[in-house]
Each structure stands twice: as C-alpha cells, then as structure tokens.
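S.K.: Just dropping this structure here.
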Amino acid sequence: MYVVLLGLPGAGKGTQAERLTKITGMSHITTGELFRENMRGQTELGKKAQPYVEQGLLVPNEITIGMLLDRISQPDCSSGCMLDGFPRNLEQARALDEALAGQEKAIDRAVYIKVPNDELVRRLAGRWNCSNCGAVYHETSNPPRIEGVCDTCGGKLYQREDDKPEVVRTRLEVNLGQLEPLLEHYQKMGVLVEVDGERDIDAITRDVESLVEPA
Ligand code: AMP
C-alpha cells in the first residue's frame, strides 16, 4: 500500500508513522528527516535546502520532488511505503501520482490527522527528536523513559531549531495555505480519510492502523 500522512507540523505524523512502521513493517519516508540528514552531512542537497528549512519555508519543488521520487524508487518501497511530510502542495501530489502511475500504482490512502492550531503550537514547543534515528518525543504527552535519551536506539535527544516559536508560526502559515487543496485532491481521488489527532496516541495509532490495512 502507498499511504500519505497529511497534517500540519506537530499533528503527530512522524510519531504515528514510526509506530505504524513497527506494526506493519512498511517503509517510512519522511522528507523533513531526509533534508535534516543531508544538512548534517553538508551534502549539496543539504546546503541547498538549509536556508529554507531554517526559516520554516518549503524547500522548492524542483529539489524536493526529485529527492522524494529517487527515495521511493529504492527496493524497500517497491510494494508500498508510508509518506510523512510529502506531498506538501498540489504540484508535489501530482508529481507523485504521475510517478506511481508510470508503474501502474497509485496512492491507496491519504490519512489526514486533524489537530487545532493552538494545540500544534504547544506540541511543537515541547518536542524532542532523536539525533540518531529521528524518533519523536514530547515533554509531557510522550516523554522518553530516560530524559534526553531515545527509547528505541539510545541516541541523544535534541530540540529542532525550526521548532522555535518564531519559525513555528511561519511553518504553520506556510503549510496551512497548502493543506486545503491537498485535502481536495485526495478527496476527489476517493482515498481521503480524516482522523481526530487530539486524542491519546494509542487510540490514534489504532485508527490509522485499521485504515492502512489492505482491504
Ligand atoms: P518536517 O520535519 O516535516 O516538519 O519538515 C521540516 C522542514 O523540511 C520543513 O519546514 C520544510 O522546510 C522542509 N520540508 C519537508 N518536507 C517538505 C516538502 N514536502 N516540501 C518542501 N519542503 C519540505
């Protein structure tokens, strides 16, 4: 199955994708983490993406689409994957549809995790990420067992630069403007489902799991 997780920054896409990957064995592809990896390694792609990521702006489509299509052409995505953070606008969604159609495949589900804006700001402010495996934690709603240490791999936790309040506001505005057309796109394709993302993490995982199980 090819699944896209939709939602504003902080909605829980990364947390849910990570849990779903463990349960279903699906590959989890996250464009934000691909950019951060490239930035850490100071690759050409990382250097190009860095100024946009730091300001909370979308990295231009000509960089992002190529990177994502290249990643999903790898063998671990040949029978499906879960995309988190892509597509973020209509042009990206269309490029993805076209690439999949070329292999007689298509997006099977678009799961929209819906959370009100004021809750998103609170969540992003308390968020901690693993510097090694990218796992996501929250100070109060999803704390690691040992402060500052990843439960999954023992890596060191850090707070993302773009989770600072000034950048968070830009990220929310940028993404809010693009979300509606994306929801319409997947609605028209008949694959859109909405999940209430304000509940307990396990309840959301159960919902998303039931939605991404093959029919
Ligand atoms: P995220 O971890 O999903 O919040 O993404 C972090 C940052 O990476 C975003 O604020 C953007 O600068 C960039 N980014 C991630 N995914 C995309 C995308 N699909 N299109 C453009 N920029 C992206």
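The values are calculated or read from the model by the stated rules, or taken from the named source; none is laboratory data. Since the model is a prediction, treat every value here as computed from it, not as a measurement. So basically every Cβ, Gly included, is an ideal-geometry build from the backbone, and we count neighbours across all protein chains shown. Quick note on the areas: whole protein, heavy atoms, side chains included, nothing else; ligands and nucleic acids left out. Shrake-Rupley method; radii C 1.70, N 1.55, O 1.52, S 1.80 Å.
S.K.: Can you tell me how much longer the chain between Ser141 and Thr43 gets when fully stretched, taken as 0.36 nm per residue apart minus their C-alpha distance, in nm with one decimal?
M.R.: Net length gain for the segment: 31.8 nm.
S.K.: Can you return the aspartates and glutamates within cross-link range of Lys22? Criterion is Cα-Cα under 12 Å, with same-chain partners fewer than 8 residues away left out.
M.R.: Partners within reach: Glu209.
S.K.: Considering Cα pairs under 8 angstrom that are at least six residues apart, work out the relative contact order of segment 1-103 and quote it in whole percent.
M.R.: Normalised by residue count, the contact order of segment 1-103 is 41 percent.
S.K.: Which value in deg cm²/dmol, rounded to the nearest 500, describes the helix-derived mean residue ellipticity at 222 nm for the chain, given -39,500 (n - 2.57) per DSSP H run of n ≥ 4 and division by the residue count?
M.R.: -15500 deg cm²/dmol
S.K.: Something else now. Relative to the compact globular guide of 2.2 N^0.38 Å, what is the alpha carbon radius of gyration of segment 104-147, as a ratio?
M.R.: 1.59
S.K.: Which FRET efficiency, nearest 0.05, do Tyr158 and Asn117 yield, Cβ-Cβ r, R0 25 Å?
M.R.: 0.50
S.K.: For segment 1-115, what D do you get in µm² per second when you plug the Kirkwood radius from alpha-carbon pairs into Stokes-Einstein at 4 °C and 1.567 mPa s?
M.R.: 89
S.K.: Using a basic spin-label model with each label point 7 Å from the Cα along Cα→Cβ, how many nm lie between Glu104 and Glu194?
M.R.: 3.6
S.K.: What do you get for Rg/Rh over segment 65-182 if you use C-alpha atoms and the Kirkwood form of Rh?
M.R.: Reported Rg/Rh (Cα atoms, Kirkwood Rh): 1.01.
S.K.: Dipole magnitude of the chain about its Cα centre, charges +1 at Lys/Arg Cβ and -1 at Asp/Glu Cβ only, in debye to the nearest 20?
M.R.: It works out to roughly 380 debye.
S.K.: Can you tell which of Thr140, Ser78, Trp128 lies farthest toward the positive end of the dipole of segment 55-145, using +1 and -1 charges on the Cβ of basic and acidic side chains (Lys, Arg; Asp, Glu)?
M.R.: Farthest along the dipole direction, towards plus: Thr140.
S.K.: Please turn the phi angles of segment 46-57 into ³J(HN,Hα) values with the Karplus equation 6.51 cos²θ - 1.76 cosθ + 1.60 (θ = phi - 60°), one per residue in order, whole Hz, x for glycine and proline.
M.R.: x, 5, 5, 6, 3, x, 6, 4, 5, 8, x, 9
S.K.: So, one more: For segment 1-112, which whole-number percentage of the solvent-accessible area (1.4 Å probe, protein heavy atoms only) is attributable to carbon and sulfur atoms?
M.R.: 50
S.K.: Past the 31 Å Cα-Cα mark, which pairs from Lys164/Lys188; Lys48/Lys156; Lys156/Lys188; Lys13/Lys48; Lys13/Lys47; Lys47/Lys188?
M.R.: Beyond 31 Å between Cα atoms: Lys164/Lys188; Lys156/Lys188; Lys47/Lys188.
S.K.: Calculate the dipole size of segment 97-215 relative to its Cα centre from +1 charges on Lys and Arg beta carbons and -1 charges on Asp and Glu beta carbons; express the result in debye to the nearest 20.
M.R.: So the magnitude is around 340 debye.
S.K.: Still on this model: Which Cα, out of Leu182, Met1, Asn38, lies furthest along the positive dipole direction of the chain (beta carbon charges, K/R +1, D/E -1)?
M.R.: Asn38
S.K.: Also, I was wondering about something else. Let me spell out the model: positive unit charges on the Cβ of Lys and Arg, negative unit charges on the Cβ of Asp and Glu, origin at the Cα centre of segment 1-79. What dipole size does that give, in debye rounded to 20?
M.R.: Dipole magnitude for segment 1-79 comes out near 180 debye.
S.K.: Taking the solvent-accessible surface of protein heavy atoms with a 1.4 Å probe, what is the per residue accessible area of the chain in Å²?
M.R.: 50
S.K.: OK, next. For the chain, how big is the tail of P(r) above 28 Å, as a whole percent of Cα pairs?
M.R.: 23
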